[in-house]
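Worksheet: one structure, shown below.
The values are calculated or read from the model by the stated rules, or taken from the named source; none is laboratory data. Note that this is a predicted model, so its numbers are computed, not measured. Virtual Cβ from ideal backbone geometry, glycine too; neighbours counted across all protein chains shown. Heads up: the accessible areas ignore ligands, DNA and RNA and are worked out on the full protein's heavy atoms, side chains in. Shrake-Rupley method; radii C 1.70, N 1.55, O 1.52, S 1.80 Å.
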Amino acid sequence: MLARVCSAAVNGIEAYPVEVEVNAGWGETIIVIVGLPDAAVKESRDRVTTALTNSGFKFPMGRTTINLAPADVKKEGPSFDLPIALGMLAASEQIETDQLDNFIAVGELALTGAVRPCKGVLPVALRARQEGKIGVLVPAENAAEAAVVDGLQVMPIQNLREAASFLEGEIKLTPTKVDIAKVFDQPLDDDVDFAEVKGQESVKRALEIAAAGGHNALLIGPPGTGKSMLAKRLPTILPPLTLDEALETTKIHSIVGLLAPGQALVTRRPFRSPHHTASDAGLLGGNINPTPGEISLAHNGVLFLDELPEFKRSVLETMRQPLEEGRVTISRAAGTMTFPSQFMLLAAMNPTPDGKMPGESKSSPREIQNYLGRISGPLLDRVDLHVEVPQVKFREISGDRTGETSAEIRDRVVAARKRQQTRFAHKPKITCNARMGPKELKEFCALDTAAQELLKFAMADLNFSARAYDRILKVARTIADLAGTENVLADHVSEAIQYRSLDRQIWG
């Protein structure tokens, strides 16, 4: 007898439908899986048959052929265990149901018949809704993430026997529901706060601007000045994720398997901090079958690169396209994958190999030049804010005076982002000032005569590139938003220019 069960697999960050066809016939007892299965899918043969027996079902006799269609796409992972088992039960007439076409099933089986969680359930649920399915059968631990998809019955499955009984109508399962508003209303539980940072008011101001406009920033200063401390507190002032951003971010984390059991959504902007020994594949994504890397895991959040010159130059250069386009395309023999990567780049570095400022360093000019030369000019041009982090004075460290809290700064950042959302309401692909293109710069960053003259003088005196000119306008637009003014004034341009001057002083 032939049975068909609907399932799905993930390709990139999207899911595609997979039809599991199971044919039970006469002949030697053997189970054959076709349809380009990888090792994990081939091993499901042993997991499924043992799970069937331990769940009280009969071992399938005769030749059982299992086809995973489409047959020209490689199938990976153990998520096909549950649909294969259900197909074998239907093909051997151990269950009778007309519900197999109404649900998409995914899940890994334990040898006991229990259903274990798997990766990529949220993209599968979105695909099920797109395919017009009534619902999905998913592991109970993954039910919350699937339940954020409206208009879909999410059935939490504990074990194979429960799934079979539900499909036959012997038991009723309560679909998992998630109150998205309640998920987003969870209080922020930050262990760190900007009020804990003594001094460095100018750096805090720069990070506030970066957070308000989604700008990239580079912190340059000697060791012990608080660069890493400041960077780790940046997430505490970032605006909350919108629902669309949360769904897209959750999809990436679901594919990689970073969601906690029972977690419905990623509601905080990601903060990723890879070690400087990270490879191209680790940062961009890759392997034989491409998976998201650190820059995609930082999508809609922050990618922090500490000790920037210690990263391989080849690794840093591969980031130029993602920084500009907000996505990364990886080509392999298995195919081409595109992952979103709209992240804020926050980097920190010492000004010289020994950590001191150029005038105080004992390193030779050639050593300093080689050290700074690890960061190319084109990459530096894509960083909007270059911020000097000076040594903190004793009276600031020893004093009782504290700065603004993260909550106070975040309120201003959120207000500035709301102005940008209103401004770009008719441009859904632009989420913040840093994502403006040439048309938006011309439309929203018009300068008066005084601001134009100031920028003209700076361009000639500091020898800025055309890209740096655009970045200055974007930062000035953000400063104006923080000030609550509609027009970009000379004062805003002046402050934006000072954040581009440090690279000229150090890199010459």
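Leaving out ligands and nucleic acids, note down the accessible area per residue over region 375-431 with a 1.4 angstrom probe, in whole Å².
On the way: 3310 Å² over 57 residues.
Using a 1.4 Å probe on heavy atoms only, each residue of region 375-431 averages 58 Å².
For region 1-150, what is the accessible area per residue in Å², given a 1.4 Å probe and the full set of protein chains?
Details: 6220 Å² over 150 residues.
Per residue, region 1-150 has 41 Å² of solvent-accessible surface.
With the calculation restricted to Cα positions, what are the radius of gyration and Dmax of region 418-487 in angstrom?
12.5, 38
Over the Cα atoms of region 134-290, what is the Rg over Rh ratio if Rh follows Kirkwood? List each step's numbers first, then the result.
On the way: Rg = 20.9 Å, Rh = 19.1 Å.
Over the Cα atoms of region 134-290, Rg/Rh equals 1.10.
Find the centroid of the Cα atoms in region 327-396 and in region 83-133, then give the distance between the two in whole Å.
48
With unit charges on the beta carbon (Lys/Arg positive, Asp/Glu negative), name the residue among THR431, ALA490, GLN420 whose Cα is farthest towards the positive pole of the charge dipole of region 349-508.
Working it through, the farthest residue towards the positive pole turns out to be THR431.
In the full protein assembly as shown, how much of LEU241 is accessible to a 1.4 Å probe, in Å² to the nearest 10?
10
If r is the Cβ-Cβ distance from SER202 to ALA446 and R0 is 22 Å, what FRET efficiency results, to the nearest 0.05? Don't skip to the answer; put the middle values down first.
On the way: r = 28 Å, r/R0 = 1.27.
The computed FRET efficiency comes out at 0.20.
Calculate the spin-label point distance for GLU168 paired with ARG327, positioning each point 7 Å from the Cα along the beta-carbon direction, and give it in nanometres.
4.7
At 1.4 Å probe size, with the rest of the protein present, what percent of the exposed accessible area of region 283-364 is carbon and sulfur atoms?
Values: 1450 of 3110 Å².
Of the solvent-accessible surface of region 283-364, carbon and sulfur hold 46 percent.
With the cut-off at 13 Å, report for region 180-241 the share of all Cα pairs above it, as a whole percent. Write down the numbers at each step before the final one.
Values: 1245 of 1891 pairs.
Above the 13 Å cut-off, region 180-241 has 66 percent of its Cα pairs.
Run the dipole for the chain about the Cα centre, Lys and Arg Cβ at +1, Asp and Glu Cβ at -1, nothing else charged, and hand back the magnitude in debye, nearest 20. Could the numbers behind the result be given before it?
Values: 58 positive and 64 negative charges, 183 e Å.
With only Lys, Arg, Asp and Glu charged at Cβ, the dipole is about 880 debye.
Which value results when the Cα radius of gyration for region 1-76 is divided by 2.2 N^0.38 Å?
Scaled against compact globular proteins, the figure is 1.15.
Give me the orientation-averaged projected area of the Cα convex hull of region 332-463, in nm², one decimal.
Values: hull surface 60.5 nm².
Averaged projected area of region 332-463's Cα convex hull equals 15.1 nm².
Could you pull out the chymotrypsin sites (Phe, Trp or Tyr not before Pro) across region 11-84 that fall in loop regions by DSSP (anything but H, G, I, E, B) with no more than 13 other Cβ atoms inside 10 Å?
On the way: sites: TRP26, PHE57, PHE80; in loops: TRP26, PHE57.
Here the sparse-neighbourhood loop sites are TRP26.
With the crude spin-label approximation of a point 7 Å out along Cα→Cβ, what separation in nm comes out for MET1 versus ASP46?
Rounded to a tenth, the inter-label distance reads 2.9 nm.
Could I get the Rg over Rh figure for region 378-451? Both from C-alpha atoms, Rh via Kirkwood, rounded to two places. Write out the running numbers ahead of the final one.
Values: Rg = 18.0 Å, Rh = 16.2 Å.
Rg divided by Rh gives 1.11.
What spacing in nm lies between the two simple spin-label points modelled at SER314 and ASP179, each 7 Å away from Cα in the Cβ direction?
5.3
Restricting the count to DSSP beta bridges whose residues both fall in the chain, what percent are antiparallel, rounded to a multiple of 5?
Working: 27 of 57 bridges.
Within the chain, antiparallel bridges account for around 45 percent of the total.
What order do GLU19, GLU93 take when sorted by accessible area (1.4 Å probe), most exposed first? Don't skip to the answer; put the middle values down first.
On the way: GLU19 70, GLU93 125 Å².
Reading off the accessible areas and sorting them downward yields GLU93, GLU19.
Report the calculated FRET efficiency for LYS393 and ALA466 (r = Cβ-Cβ distance, R0 = 45 Å), to the nearest 0.05.
Numbers: r = 39 Å, r/R0 = 0.86.
Efficiency, from the Cβ-Cβ distance: 0.70.
May I ask you to give the solvent-accessible area per residue for region 201-240, in square angstrom, as obtained with a 1.4 angstrom probe? Mind showing how you got there, number by number?
Values: 910 Å² over 40 residues.
Solvent-accessible surface per residue comes out at 23 Å².
Divide by every residue of the chain the summed helix terms, -39500 (n - 2.57) for each DSSP H run of at least 4, and state the resulting mean residue ellipticity at 222 nm, rounded to the nearest 500 deg cm²/dmol. Present the calculation step by step, with values, prior to reporting the outcome.
Working: 23 runs with 198 residues, N = 508.
About -11000 deg cm²/dmol.
With θ set to phi - 60° and the Karplus curve 6.51 cos²θ - 1.76 cosθ + 1.60, what are the ³J(HN,Hα) couplings of region 448-464 in order, to the nearest whole Hz, using x for Gly and Pro?
3J(HN,Hα) across region 448-464, in whole Hz: 7, 4, 5, 5, 5, 5, 5, 5, 4, 5, 5, 4, 6, 6, 9, 6, 6.
Between GLN186 and ARG366, what length in nm is gained on full extension when 0.36 nm per residue of separation is reduced by their alpha carbon distance? Intermediate results must be reported in sequence, preceding the final value.
Working: separation 180, 0.36 × 180 = 64.80 nm, distance 5.28 nm.
Extra length from GLN186 to ARG366 when fully extended: 59.5 nm.
Considering region 316-399, what Rg and Dmax in Å follow from its alpha-carbon atoms?
That works out to 18.3, 60 Å for Rg and Dmax.
Determine, at each q value in 0.14, 0.23 (inverse angstroms), the log₁₀ of I(q)/I(0) that the Debye formula gives when each Cα of region 60-190 is one equal point scatterer.
-0.65, -1.54
Whole-Hz Karplus ³J(HN,Hα) for region 84-90, in order, using 6.51 cos²θ - 1.76 cosθ + 1.60 and θ = phi - 60°, x for Gly and Pro?
Couplings: 5, 4, 5, x, 5, 5, 5 Hz.
May I ask you to work out the translational diffusion coefficient for region 263-320 at 25 °C, viscosity 0.890 mPa s, via Stokes-Einstein with Rh from the Kirkwood sum over Cα pairs, reported in whole µm²/s?
Values: Rh = 12.1 Å.
It comes out at roughly 203 µm²/s.
Which translational diffusion coefficient, to the nearest whole µm²/s, is obtained for the chain from the Stokes-Einstein equation, given a Kirkwood hydrodynamic radius over C-alpha pairs, 20 °C and 1.002 mPa s? The partial results should precede the final answer.
On the way: Rh = 25.5 Å.
Rounded to a whole number, D works out at 84 µm²/s.
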